[in-house]
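The structure appears right after this line, and notes come after that.
The values are calculated or read from the model by the stated rules, or taken from the named source; none is laboratory data. As the structure is a prediction and not an experimental result, all values here were calculated from the model. Here the Cβ is made from the backbone with ideal geometry for all residues, glycine too, and neighbour counts use every protein chain on show.
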Amino acid sequence: MANHKSALKRIRRNEAVRLRNRYQHKTVRNAIKKLRNEEDKKAAETMLPSVIGMIDKLAKRNIIHANKAGNLKGKLMRSVAAM
């Protein structure tokens, strides 16, 4: 157990950040699934920029790796283009 006041504060802060990261990551995963399951090309094309922005935001905040973000974006763009 931590003895210093700053260490206790850091533990609380880490937990809050972990929960926020988990929420954001799950939200993006759900958006990706929704985009992949979309049948209509017009709807998918309008949804794609917002999903790409969400992925970029995760990569910028180091929730996911930058290369993983690039791979996800490329696959999504290819799947929308192939509709």
Matching option when the condition is assigned to a helix (DSSP H, G or I), exposed (fewer than 14 other Cβ atoms within 10 Å of the Cβ) and at pLDDT below 95, among Lys42, Lys26: Lys42
Within the stretch 1-23, restricting to residues that are surrounded by 12 or more Cβ atoms within 10 Å (Cβ to Cβ) and of a type in the set (D, E, K, R), the one that is nearest to His65 (Cα to Cα) is Arg20
